[in-house]
Amino acid sequence: VRMGRTIASPITMLIPNKDYRLDDPAKTPPLTRPRPGHADLAGSIKWLTTDCRETLERASARETAARVAAGSLTRSLLKAFGIDVLGFVRQVGEARARIDALDLETPRASMGSLVTKLREARDASDLYCPDEGASNAMREFINSAKVAKDTAGGIVECHVFGCPVGLGSSMTIDGRLDGRIMGAVGAIQAFKGVEIGMGFGVAELPGSKVHDEIFYDEQQKDLPNLGFFRTTNNAGGLEGGMTNGMPVVVRGAMKPISTLGKPLRSIDLASKQPSEAGWERSDVSAISAASVIMENVIAFEIARALIEKFGGDSLAEMKQNYDAYLAAARRLPLA
């Protein structure tokens, strides 16, 4: 990076870990009692050791700091094309945030102000939840888990606004953007479920109540949706592995943190005798951080798809390709 601009060579970022202590045997003694829910047992057996330490340190979610850094970098590229990515905490325990403006579908022309208001409400919450009432209930649930020496998970949600129609591909397995997004989110530590749009809800309804009907508005033809819009977004902005002009909507379910203050039952790998699981430093909930991680891994995948579709050797060339594509799409049918 030179004078605030990339110069086409790899960008290197360093994130110092102030709590680094892997080489201090007094602070990181061998751990032979695997913790249920962690990678301890599977990793120890995979690498033929009774010390879970090396697996647990490498499998740690601190690794996601690198993914957040890389995803954050892509935001500069997405911004140049009017694409905005916003993640937040949707649910903890039974407390679920209500986001009426999003739930009721807002016309594309007013998305800018909607995203700004939603981001401001989210940033005002220590739980990264834009619904103040739900934030309070979530906080109470997490505090009660702390008192009980237990942990809490939750559901995080991400919306991508401003994607043009046609990012991704239906032609190859690794080109399908929905699969890539689900893979990126599912690879975040402690995530056990991913859904796009209506997600698992599509299994409960007939097709007439699932598929989003298509409409056209000439006044919206200059937007990235090219004038095509839906009054519902059950598909979550993705059909056939490609963006369809509606906001991309993704939800991920994070399990409760696996290290409990009141240890679960386990086995000592050295003696094979019953034991309580080992205890390591841990949080009660990391759901707020999880929303940030999900937001940035999705941003990274959207940026990948954008470069694949419009890539060039410079941002100026990429913008020309983007503008030319939208201009050609607006002229359909082509002569």
Task: Selection count where residues are among the β-branched types (Val, Ile, Thr) and at pLDDT below 90, scope segment 8-54 - done: 1
TODO: List every residue pair whose Cβ atoms sit under 7 Å apart, with the two residues 6 or more apart in sequence or on different chains, where the first one lies in segment 41-63 and is of a type in the set (Phe, Trp, Tyr) and the second, anywhere, is assigned to a helix (DSSP H, G or I).
DONE: Trp47/Thr55
Open item on the list: Being touching a Phe, Trp or Tyr at 6+ places or on another chain (Cβ under 8 Å) and of a type outside the set (Lys, Arg) narrows it down to one residue among Ser314, Ser288; which is it?
Closed with: Ser288
Open item on the list: Looking only at segment 31-70, filter to residues that are of a type in the set (D, E, K, R) and open to solvent by less than 50 Å² (accessible area, probe 1.4 Å); which one of those is farthest from Asp150 (Cα to Cα)?
Closed with: Asp51
Task: All positions within segment 297-314 that are out of contact with any Ser or Thr (no Cβ under 6 Å at 6 or more places or on another chain), open to solvent by less than 80 Å² (accessible area, probe 1.4 Å) and in a helix (DSSP H, G or I) - done: Val297, Ile298, Glu301, Ile302, Ala305, Leu306, Phe310
- [ ] Give me a count of the residues in segment 180-189 that are under 18 Å from Ala286 (Cα atoms) and open to solvent by 30 Å² or more (accessible area, probe 1.4 Å).
- [x] 3
- [ ] Starting from residues that are polar (S, T, N, Q) and in contact with a helix residue (DSSP H, G or I) (Cβ under 9 Å, 6 or more places away or on another chain), keep the ones in segment 1-57 and report whichever is nearest to Ile257 (Cα to Cα).
- [x] Thr55
Open item on the list: Conditions first: (1) within 18 Å of Ser76 (Cβ to Cβ); (2) assigned to a helix (DSSP H, G or I); (3) open to solvent by 60 Å² or more (accessible area, probe 1.4 Å). Met318 passes all but one, so which condition is the exception?
Closed with: (3)
Task: Filter pass, Val292 being open to solvent by 40 Å² or more (accessible area, probe 1.4 Å), in a helix (DSSP H, G or I), within 20 Å of Gly193 (Cβ to Cβ) and modelled with pLDDT of 95 or more - done: yes
Task: Residue check for Thr28: without any contact (Cβ under 8 Å) to a residue 60 or more places away in the chain, surrounded by 11 or more Cβ atoms within 10 Å (Cβ to Cβ) and hydroxyl-bearing (Ser, Thr, Tyr) - done: yes
Task: strands (runs of 3 or more DSSP E) within segment 238-282 that include 3 or more residues open to solvent by less than 60 Å² (accessible area, probe 1.4 Å) - done: 248-254
- [ ] Starting from residues that are crowded, with 17+ Cβ neighbours inside 10 Å and over 22 Å from the mean Cα position of the chain (by Cα), keep the ones in segment 195-227 and report whichever is farthest from Phe81 (Cα to Cα).
- [x] Asp212
Open item on the list: Could you list, ordered by first residue, the pairs with Cβ atoms under 8 Å in which the first is in segment 139-153 and under 17 Å from Pro36 (Cβ atoms) and the second is open to solvent by less than 80 Å² (accessible area, probe 1.4 Å) and charged (D, E, K, R), at least 6 apart or interchain?
Closed with: Gly153/Lys255
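The values are calculated or read from the model by the stated rules, or taken from the named source; none is laboratory data. The structure presented is a predicted model; accordingly, all values stated were derived computationally and were not measured. Glycine gets a Cβ as well: all are built from the backbone with ideal geometry, and neighbour counts include every protein chain shown. Please note that ligands, DNA and RNA were not included when accessible areas were found on the heavy atoms of the full protein model with its side chains. Shrake-Rupley method; radii C 1.70, N 1.55, O 1.52, S 1.80 Å.
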